[in-house]
Each structure stands twice: as C-alpha cells, then as structure tokens.
Amino acid sequence: MNEKKYSSMSVRRAIGNAVTYAVLILVSIIWLFPFFGLLMTSFRSYESEYGGMIGYVIPKRFSLDNYRFLFSGENNYLRWYGNTVLIALVVSVLQTLMVLCVAYALSRMRFRGRKLLMRFWLILGMFPGFLTMICMYFLLKQFGLTQAGAVPGLILVYVASSGMGYYVCKGYFDTIPKALDEAARIDGATRARIFVQMIIPLSKPIVIYTALTAFMAPWCDYIFASYVAFGNDKSYNVAVAMTRWVWTNDYQGYFTRFCAGGILVAIPVTILFMCLQRYYVEGVTGGAVKG
Amino acid sequence: MAGTADGTAKKKSAFAGALSAFSADIKEIGTTFAEGDWKTRVSYLIMGFGPILRGLYAKGWALFLSEILFIWYMISFGGQYISKFATLGTIETQKIRRKTVYGDNSFLILLFGILTIVVIAAFIYLWRLNVRENKKEQDRLRAGKALETNQKFLFSLLDENFDKTLLAIPVLGIFIFTVLPIIFMICVAFTNYDDKHQAPTHLFTWVGLENFRNLFSFGTSGFGKTFLMVLIWTLAWAFFATFIDYFLGLAVAMLINKKGIRFKKLWRTILVLTIAVPQFVSLLYIMRMFAADGLVNSYLLKWGLIRTAIPFWTDPALAKIMIILINIWVGIPYLMLIATGLLMNIPEDLYESASIDGANGWQMFWSITLPYMLFVTGPFLLTQFTANLNNFNVIYLLTQGKPLSTNLAGNAGHTDLLVTWLYKMTVNDTNYKMAAVIGIMVFVVTAVISLVVYNMLPSVRDEEGFQ
Amino acid sequence: MKNKALTAALSSAVAVTLLAGCGSGTASGTGQEATADTAAAEETAEAETEEDAPQEEIDYGTGEIKVWVADNAVDFTNQQIKAFQEANPDFSGYSMVVEATGEGDAAGNMITDVEAGADIYVFAQDQIARLVSAGALEEVAPENVEAVKAANDAGAVAAATVGDILYAYPLTSDNGYFMYYDKSVVKDPSDLDAILADCEAAGKSFYMEINSGWYQTAFFFGTGCTLSYETDNDGNFTAANVDYASDAGVVALKEMIHLNNSPAFVNGSSVGAADAAKMAAIVDGTWDAQAAKDALGDNYACAKLPSFKGADGKTYQLSGFSGYKLLGVKPQEDEGKLMVCDALAQFLSGGEVQLARYESVGWGPSNLEVQKSEKVMADEALTALNEQMLNDVPQGQYPGDYWTLATGLGDSVINGEISDKTSDADLLAKLQEFQDTCISYAK
C-alpha cells in the first residue's frame, strides 16, 4: 500500500517536473529570442542583404560588415563608446562614495534634523526627474558643461543627486550591530576611522552592488544625455548616438548597424553583471525587504 | 507617518514649536546684544569680529570672509536678478540695424532669483550662527573657561560631527541639482513660459493659476479630459505592471526552486540577461520586431496565420497590451531574483507541518508562501508601483506614447504616461508651463498613493505581524 | 566602406528627417514657369558674394561658425566650406565647424537653446514659423533678398517667407512624395485600385503613411480640399483656411478607409523600415531612391501618385505637399559675424553648390538653372517627382500641433475608430472637429 502510494507520488512528481521543464524551456526561448535576433541581425551584411528591416531572422550570408562599419572611422562610434565607459566608471566610483557617506551618516549618527532630512529627500524623490530637465540644462550651461563639455556635465548631474539613493545601503548598515561601533569608540577610534576601517570592509556586497548599479545606469541614459549634448556628435554616449539610427530617417538602413553596436555595448556590461550577479541579488533582495 | 489624525496633531504642535523657537531666537538675539561686550556688538555688523579679537582666527576670518563674499555676490550678481524677480524682466530683445541685442532673460532671472533668495536665507542663518558663537565665547570667558580651540573643532568633524563632513557634499549636490531645479519648475508652473514666450528672445512672466485652470478645464482646448485619460492609463499601467510581474516573477522563482529541477543557475542566468543588457538596445529591437512590417508580422503572414499585419503599435488597446506584456519580459527577472532570496527564508517546518496536515501544494502556496511574501515585500510593492508610475523607458522606447488621437489634447498619445507626456511637452513642444503643471500633478499622485497605501500596509501597521 | 557610402550617396538618396512626418516637397517642377527671367539675376547674386568683401576692407572679427547639416552631407559641406574659405580670405578670422544634426533635430535643438545652437543650419520648411517665433532665425540680408528670390523656384521662395519677410535661403526643392513600385507586380501605376489589386494578387504590400499629416494631404488636396495657415511677420499663426468638413473631405476620408481595408496596405513611408521582400509599391520621396533601387532591383520604377475612383463616382488624382529644405542663419549679436554667416549661407545655397550637392548627395535643387541641367533632368526619381509636383500644393507654414492632430486622424482610421461602418454624418462630424481644432491653432 505504502509502496504504491509512493510510486504514484513519484510518477506525479516526474510529470510535474516534466511540465516544469517544459515551461522553463519555453520561458527561456522567449527570453532569449530577442537577443538571438539581435545577434543575427548584426551579422547581416549591409552590402548584400540590405540594412533595414527584413522578414527573416537568420541572414543568408554572415558577415562582419556592420562591425567593420563601427570601427571604420566613418562615425564616432569609438568616441561614443569611450565617453560612455568614462562616464560609467567615474560615476560608479563617485556615486558609491556619496551613497556610502550618506548611508553611514543616516544609519549610525544621530543629529538634529536627521528625520527631517530623510523625509525631505523622500518627498523630493516623488517629483519626476524629467520635470527639471530644462533647468538642469541651463544650470550646466552656466558652468560650460553642455555640448562640448557634456561628458563631465553628465557625470556631475548623475553624481550630484545620487546621495538620495541611500536606502539599500543604509538598510544594510542598519543590520551591522551597533555594539561593534561602541566597542571601537571605547577603544578611542573616531567615527571616521570606524567608517573607513570597519564598516566599509564589512559591507563589501553592498559596496559592489552600489558600484554595479551606478556603472550600468549611464549605459542606458538616452533622455538626459541627448538633451545636454545636442549638436555635438563627439560628446554623445552610445545610447544617444545609436537611437538616432533607429528613430531618424537620416539613417536609412542603419538597423543592422544599430544591432551590431548594441551587441558590442551589451557584451561587456552583461559579462560584468554576470560576474557580480551574487552581489546584485543581495542588494536587490535586501532593498526589497527594506522597501 | 502615523495615522492621519495623529499626523495633523503632530504637525500642529510642530508648527507651534517652530513658532515659539523662532520668537525665542529673536529674543536671544536681543539679549545677546544687550548683554554683550563691544566685541560681540560689533560682530552684529562685521561678522567674525568677536572671534578674531578673542584669538579664534580661523573661525573669525571664515565668518568675516563669508560676509564679504555675500556682499560681493549680491552686488555683482544676485542683486540684479532679485530686483527683477517680481516681473521676470521688462527689457525686450531688439534689433539695432541687423544686430540682435538681447534684453532681459526671464529664464535666468527666475533661476538666479531663486538662487539668490536661498543665498540670502543661508546668509541669515550664518549671521545667526555668528551671534550665537559670540554669545557662547562670551559666556565661556565670563565663566572663566578656556575657549574651544580650532583644532578641537576640526577634529570633531571626524568624530562627533562626522555627519556634517559626510553629508556636506551630498546635501550641497542635492540642493543644486535637485532642490533648486524643482523649486524653479514649480515656479514655472505659475508663468507663461512656452513656445511663444521663450528666453532669451522673448520675456515670460507670472500668470498666477492660469495653467492649473487650463489643466482642469474640460472645454475643447482644455487639458482636462486628456489629463484624466492619461492619468487613468498611468494608474492602470502601474497596477498591471506591478502585480502581473510580481505574481509571474514569484511563479517563475518557485518553478526554478522546485525540488528536483536541475540547472537552476542556468535558468536564472537566462532570465537575468534582460537586466544586464541595456534597455535601449533590447527594447528598440523588440519594438522593431513587432512593427507592422517587423519579424513577427512577417512570419505570421508567411505561415498564413494572418492575412493582414497585426497593428501591434497602432491600435490603442493592442499597444497597451503589448507594453504590459513586454514589460513582463523586462520585469520578471527582478522579481524572480527577489523572490528566490525570500523564498529560502520561509522556515521549512511551516511547510512540513502543513503537509502533515494534508495540505497540497496549492493550499500551501495560498496559506503560507503568498501571505509571507506579501507581508515581507509590501513596502517593496509600493515603491515598485510608484516606480512604474514613472516608468519612462519601457513606454518611450516602445511607443513614444503613440498612437496619437484626435481625442487627446496637448499631443498626448494613447500609451502616454504622465511622465512621457511631460517629456514630450518639454522636448517637442517646448510647452514648459504645462510640463511643469503635469510634473506637479505627478508628484501629487505619487505622494497621495504612497501616503495612503503606506498606512494600509500590514507590515507597517503591525511590526510583529508575521511570526 | 567609405567609398561604398560615397557611391551610394552619389547615385542619389537624400536623407530628410521628417519629424512628425513633416517634410517638404519638391520642386523642380513648381518653379518652372518662373525660370526664364531669373538666370541673369542669379549670376549677379553670386558675383555679389564674392566681390562684396574685398572692396571695403571690413574687419569681420574672429570666432567660430557652427553649421548643422544631416550626417550624410557633412563631408560634402566641409569640402564646400573649404572652397568658400579659400575664395574669401577676409573671413579667415572665423573657423567653421560642421556638425551632424539632421533637419529633424535641428529645429527642436535650436528652439531649446538658441545660444548653443548652430549659426547656420538646414531645416525642413515646415519648421520655419516655429523657428521665427522662437527667435532662432535671422532675416535674409537685404542685399541678398532679390537675388535669392530670383534664383530659386517660386514654391521654395514662398516656403522661406514668413509674412512678407524672407527668412531663409532655399536649398532644395525635393521634399515631396511620389511612388516607387515594382514593375513586375504593378502593371498600371496610374490607378490606385488596380495597384492594390495587383499587390493583393501577388501577396505583396502597398506602403503609404496615412497617419502622417504630410502624406495624408494626398487625399484631401486630391479631392480639392484646402488647408493652409496665414502667419504674421513674427511667425505667429493668424488665420486658418481649411475646408475639410465638406463633401470633398468625406470622399477623401472614405478613400483612406478604403485603402486601409485592403489587405495589401501597410502604413509606412520608409523603404528602410519596410520588408524588402514584400514591398511592391511605396509612396515615398527622393531621399529613399537608393534604398528603393536596392530593394526593388531590376524591377525598380517610379511614377507620380495614382488616381482613385472616389465614393462619389468621380476620379481624383492624389495630390500632396511639395516641400523644401532651407538654410537658416541664427540672429547674431555681432554684425561682422552675421555678414560672414550671410555670405556663407548665400554661397552654400547658390546654384553651383546646389548642382554639386545634387551630384554628391542627390538633393534635388531649388535653383531654377540647376533644375534644368541635364544631369538633374535625367534622374528617374526626380522626374517622377516633378510630374507629381504639378498636382501638389506648395507647403506653407503649419503649427506643430497640426502634425500630431493629423497623425491622430490617421491613427483613428488605421485602428478602426473610423471605418466603412461609420456613417457619412459621423465622418463629417469627425472632420468638423478636425477642422475646428485646426482653426483653434491660429489665434
């Protein structure tokens, strides 16, 4: 009797697993298809098959034409790419510093106006970011950080307000027992020393998480970057420069080139992300629970 | 953020408190002057005078220098803007022969006018600080104690005053690049700054509540009807985008976590690709995929499944559905990651005892997994919801708010969210005044929803709830 | 790669950005009546630019002049500017920089921040009123006005004029649309129903972007409706002349619905975005000529737009807009710089450069002399366009809102909000609403 029940259960489990696998495989196909299509389109030859839309996925003949075009010097692709990498790296470092400072101060220190500050920032965060675009533009322009100076300008804007994104990091600091701080203070360590020598080393996952998200964001910024850099091809980032290839009629048949450029953008970011995935998960999950 | 009644009471008392603190401040300024020695009294005019004479050079000179700086700022820069603030400029741009001579720039007057007001406020605060420091020093000296040395003060910036060191730059950055622009744009909502009144060639000026009246006017040229339609879609979108993704993400996470399923890491990695690849690449490709002559339509036509192309992006209802569906593609992976982490936290024995009681998988999901998840992720769902209210990328990269319609004002489209509408008004129509109004409305909507929902969350009402 | 792009460019292909589908139209045709008496004037104009400077020894000052043109014309423009600088050593104080900013983006960017915008820029003429009212366009130098008016076709001059002031230098008259088609599929390109029948039979598609305010006028203007605006000298819209809410309007709208009902119909106007294997005909402009040649191969053919049999039994020829690309100069705070800018703009829009530009990047000229040159006459696409232009309406000024409004109307047809089930009365009501909204833009 027992045995029979057991075997019927195992049959059921096997069926259940089979269904699960089927679903997962289907999901995987849906998730991967756009990337597959993107990759295939990027290999379609501009010369022999046309760079626009075509009703099939796999190119008739594989070629590296589109990639060659990107590096041919006919456009500033390398420059755009360099701009983006530069912005991403600098923002990643500075933003992490800002976030860590704010999070530590709000988590560990008790000072007058702390609650008020946190509430004020929360309210500020409810204003849509695009609202202030025109104002930011003219502010940056006062410092000469638009058009030709758009790259440092963008860095400044990304970093300046990044302190408001302290939640996840503060949440993490809150979980580090305060007793550690107190013990160190009794031993005569200053707050600054505790922060640098104790808390930061203990917070490696969250530091990496913050740096990673800060690094990835500038790759996608089309909106603000195009607003600040307009009319100056050399200071575009990849997103600004390449969306033109899809959206404006000046660029007929650039779709395959867009795909090739997109692939080159996606590869390093994806690899980096995959390597640091563990920390990302930790950050996201922690952030979610904290809200 | 306690209950509302509680909150108002608190606010009232806070207000009364601020008022009494203010009057106490004024009084203290008076008594300090009356009781102060001549050094203190001169400091009322020349900041830092007292500290310098008392040997606190660094502090004294810093105060003195900031006064000089302030005066220089007002004379050379701030004064001209603040004086024109009430009118936002009166001198028109004119032509002298063929040369253009620009008049007042309303934009800069508004911007730097606000900045100057803030600088003045900061100066008043500094001046108050100057008075207080004088009083402190005087009191210490009278009591026969030594003054605090600069060294000690500087050292304290690394210790008990470390928060000031840490927060100085972030607060300044946020002030210049968030607070100032927001104040500016709120002001713009009360001006007629649009394509017909554009600096530097044209002046704009204050118009009071006219723009808000326009937003709520339901006549043919008013924004009222359109605003309502866009608002409803924005809310509907945020609702679907949040909850569909949430439940599907949870489902996928549970599938992957299921006992006996292998290659867990592989499945996760595949899904997570959507987070890793920059959205402008993936979403623009997908947009093209579903275009009238894109891949999907081509194949469906080729296989004879349809006779005419499916208007994925041009049919309003279909476009909305497509956006929500594609957002699933974007959103599930996040939820899957989060859910995966949290599911492991559910104590195994809860399930064991449930299965001894004869509960099947479905019942266990309803009675254990779901309540736990909802409880733990309540605040997250709220932030997710408000984030989706402002989810620019997905909408803009896929449809740019299209399809448009003759029924909508202000060039709004059927799939426009308030934010994309706001963006288009800024960039395409240079209708800054209405963009500012819409921005304020977005804020109001977000704030109201956050407040109401936050107070309803079980995890807020009952900290110990799920144990 | 470079050569390839260059050859492609040489053989034709103009890229025009149609922001919100507003382009401008063609032209060699429109101006033909006016040709005869103008050749002489044009020569004087050119002479002027060159002689002007050396005579008076003016100090023009120094600085940088920024020029915005579409990406594919950057190299060409650089070459021409070099020639200009060599011919005018007086202007050596100025360095000239060419940036790739297409006509679509140029107007928007100029309006966002005039100061940071280019000193000289190319734009599609439908943007002119917006640019003037935002203070981003300087009037054409008085000494150049007569010469410009005489040298270019009447449509182009009208397009560059706001109120009664000439605000820009005409650059091209090629911004109009006609039809590219596949000879092997479409037997009779003169009848819309026949074309659709051929496409349906072959399982191929007919492309036309009916939700664009630009292409849509093919129907309305075809049945005799009008839609135009009057502007004052500052670029403000003062009055609208529109009669869409009429029997003729209903016939046009019904034809759009009829077209939309055909399984062969696809809404679109870009060869690049079309599925090359399925495209049998497309209503498009000269900027896509090369792409169309690539896509259609040996079966490539061009024709003016077809006619159609309206719901009222009469036959109408599809009409449309003829549009222009213009070269604008930004208001300057320095008179010396303005003079240099004017001279450069006059040079870049002059006859010789227009011919060279046609040869290099394929933009159809607005200059009457150049229009009659052999090379231009031999161009298949331009010839089709010229034929179509005879039926077209020169595109005047339209408020930006018009384009979106028209897209709304087109979208309503495509998504079936308006269909053949809609009664005539309702169609008329819809058009009345459209018309009223159009009128409300002019205040």
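At a glance:
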read-out	value
Filter pass, residue C:201 being aliphatic (A, V, I, L, M), surrounded by fewer than 24 Cβ atoms within 10 Å (Cβ to Cβ) and within 30 Å of residue C:432 (Cα to Cα)	no
Residue within region B:260-273 that is in contact (Cβ under 8 Å) with a residue 40 or more places away in the chain and among the polar types (S, T, N, Q) present	no
Residues located in region A:241-264, provided they are farther than 30 Å from residue A:282 by Cβ, of a type outside the set (Phe, Trp, Tyr) and more than 9 Å from chain B (Cβ to nearest Cβ)	A:241, A:244, A:248, A:249, A:250, A:252, A:253, A:256, A:257, A:260
One residue from B:150, B:130, B:134 being away from every other protein chain (no Cβ under 14 Å), modelled with pLDDT under 85 and surrounded by 13 or more Cβ atoms within 10 Å (Cβ to Cβ)	B:150
Filter pass, residue C:158 being under 21 Å from the mean Cα position of the chain (by Cα), surrounded by fewer than 24 Cβ atoms within 10 Å (Cβ to Cβ) and assigned to a helix (DSSP H, G or I)	yes
Members of region A:108-126 found to be within 25 Å of the chain's Cα centre (by Cα) and crowded, with 18+ Cβ neighbours inside 10 Å, listed by number	A:121, A:125, A:126
Flag if residue B:320 is under 30 Å from residue B:351 (Cα atoms), more than 9 Å from chain A (Cβ to nearest Cβ) and not acidic (Asp, Glu)	no
Any hit, region B:99-113, residues being touching an Asp or Glu at 6+ places or on another chain (Cβ under 6 Å), more than 24 Å from residue B:194 (Cα to Cα) and surrounded by fewer than 17 Cβ atoms within 10 Å (Cβ to Cβ)	yes
Given (1) within 14 Å of chain A (Cβ to nearest Cβ); (2) in contact (Cβ under 8 Å) with a residue 24 or more places away in the chain; (3) part of a helix (DSSP H, G or I), number of the condition residue C:196 does not satisfy	(1)
Test result for residue C:233, facing another protein chain (nearest Cβ under 10 Å) and either surrounded by fewer than 24 Cβ atoms within 10 Å (Cβ to Cβ) or in contact with a strand residue (DSSP E or B) (Cβ under 8 Å, 6 or more places away or on another chain) (or both)	no
Sole exception among (1) within 14 Å of another protein chain (Cβ to nearest Cβ); (2) farther than 25 Å from residue C:306 by Cβ; (3) at pLDDT 85 or above for residue C:367, by number	(1)
Subset of region C:252-272 [within 10 Å of another protein chain (Cβ to nearest Cβ) and in contact with a helix residue (DSSP H, G or I) (Cβ under 8 Å, 6 or more places away or on another chain)]	C:260, C:262, C:263, C:264, C:265, C:267, C:269, C:270, C:271, C:272
Filter result (more than 14 Å from chain B (Cβ to nearest Cβ), touching a Pro at 6+ places or on another chain (Cβ under 9 Å) and in a helix (DSSP H, G or I)) within region C:86-134	C:89, C:90, C:125
Options A:280, A:209; residue that is within 11 Å of chain B (Cβ to nearest Cβ), of a type outside the set (Asp, Glu) and more than 30 Å from residue C:290 (Cβ to Cβ)	A:280
All positions within region C:385-396 that are touching a strand residue (DSSP E or B) at 6+ places or on another chain (Cβ under 8 Å) and surrounded by fewer than 24 Cβ atoms within 10 Å (Cβ to Cβ)	C:387, C:391, C:393, C:396
Residue tally, condition more than 7 Å from every other protein chain (Cβ to nearest Cβ) and under 19 Å from residue A:91 (Cβ atoms), over region A:140-158	12
Exclusive hit being touching a residue at least 12 places away in the same chain (Cβ under 8 Å), more than 14 Å from chain C (Cβ to nearest Cβ) and touching a strand residue (DSSP E or B) at 6+ places or on another chain (Cβ under 9 Å), set B:252, B:188, B:207	B:207
Unique residue being surrounded by fewer than 24 Cβ atoms within 10 Å (Cβ to Cβ), over 23 Å from the mean Cα position of the chain (by Cα) and outside the structural domain of residue C:311 (by TED's automatic domain parsing) when the list is C:194, C:141, C:248	C:141
Residue match in region C:344-361 (condition: more than 10 Å from every other protein chain (Cβ to nearest Cβ), surrounded by 21 or more Cβ atoms within 10 Å (Cβ to Cβ), within 30 Å of residue C:93 (Cα to Cα) and among the β-branched types (Val, Ile, Thr))	yes
Enumerated helices (runs of 4 or more DSSP H) restricted to region C:346-443, each holding at least 3 residues that are under 18 Å from the mean Cα position of the chain (by Cα)	C:351-361, C:368-371, C:380-389, C:400-414
Residue pairs meeting the criteria (Cβ under 6 Å; at least 6 apart or on separate chains; first free of Cβ contacts under 8 Å to residues at least 24 places away in the same chain, in region C:248-269; second part of a helix (DSSP H, G or I))	none
Test for residue A:196: is it more than 21 Å from residue B:428 (Cβ to Cβ), assigned by TED's automatic domain parsing to the domain that holds residue A:275, of a type outside the set (Lys, Arg) and under 15 Å from the mean Cα position of the chain (by Cα)	no
Out of C:233, C:144, sole residue that is under 30 Å from residue C:370 (Cα atoms) and touching an Asp or Glu at 6+ places or on another chain (Cβ under 8 Å)	C:144
Failed criterion for residue C:155 (all others in (1) at pLDDT 85 or above; (2) out of contact with any Lys or Arg (no Cβ under 9 Å at 6 or more places or on another chain); (3) more than 14 Å from chain B (Cβ to nearest Cβ) hold)	(1)
Hey, residue C:137 within 12 Å of chain B (Cβ to nearest Cβ), outside any strand (DSSP E or B) and touching a helix residue (DSSP H, G or I) at 6+ places or on another chain (Cβ under 9 Å) or not	yes
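The values are calculated or read from the model by the stated rules, or taken from the named source; none is laboratory data. All values derive from a computational prediction rather than experimental measurement. Cβ sites come from the backbone with ideal geometry, for glycine too, and all protein chains shown count toward neighbours.
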